[in-house]
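Nothing in this text is a laboratory measurement; each read-out follows from the coordinates by a stated rule. Note that this is a predicted model, so its numbers are computed, not measured. Quick reminder, even Gly has a Cβ in these numbers, built from the backbone with ideal geometry, and neighbours come from all protein chains shown.
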Amino acid sequence: MRIQQNGRPCYRYIRSSDKLPAIGQTAGDRNAMARVKLFDPCGSWTWYVSEHNPGTGECFGLVDGFEKELGYFDLSELQEWRGKGLGLPLERDLHFKPCLLTSLMDDGWTSPNGTRTEQPDTPI
């Protein structure tokens, strides 16, 4: 995220045009979509956002870091993130095409309760 002189970002990580469902709206939906991709340009961590609460900044989606895990994360914490080495902020992948969360979990995943499994055959 580039910063203008007044300290405000030049672009937003999440825009109203992303049409993200509210938190909990896609719970149990096997067809839940990852609509926004954020990534660390200095590392390997990636966040795929599928739900968002614009009032609190809470997000739900897939985090691909040490392992793939579905869960909640705070957008304000991600906005403060600075990568190791160069200290760059997270970037939004402007060319990311929304896709099914299950398609991103094709090599196994960790559920919110910490259980490691292969791709689920039942709704998430």
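If you add up the charges near Cys42, with Lys and Arg at +1 and Asp and Glu at -1, over every other residue whose beta carbon is less than 11 angstrom from its beta carbon, what do you get? Intermediate values should be presented prior to the final figure.
Details: positive: Arg82, Lys84; negative: Asp40, Glu91.
With Lys, Arg at +1 and Asp, Glu at -1, the net is 0.
Using only alpha carbon positions, build the gyration tensor of segment 68-110, then give the equivalent ellipsoid semi-axes as the square roots of 5 times its eigenvalues, largest first, whole angstrom. Don't skip to the end; give the middle numbers.
Details: eigenvalues 110, 40, 26 Å².
Calculated on Cα positions only, the semi-axes equal 23, 14, 11 Å.
Using the Cβ-Cβ distance between Ala22 and Asp106 with R0 set to 30 Å, the FRET efficiency works out to roughly 0.65. For Arg35, the residues whose amide H sits under 5 Å from its own are Val49, Ser50, ignoring neighbours fewer than 5 places away on the same chain, with H placed 1.01 Å from N. Kirkwood analysis of segment 36-104, using all unique Cα-Cα pairs, places the hydrodynamic radius at 12.4 Å.
Each Lys or Arg adds one and each Asp or Glu subtracts one; over the other residues with Cβ under 13 Å from the Cβ of Thr56, this totals -4.
For the pair Lys97 and Gln79, the difference between a 0.36 nm per residue extended length and the Cα-Cα distance amounts to 4.3 nm.
What is the sum of charges, Lys and Arg at +1 and Asp and Glu at -1, for the other residues whose Cβ falls under 15 Å from the Cβ of Ser16? Summing Lys/Arg as +1 and Asp/Glu as -1 gives +3.
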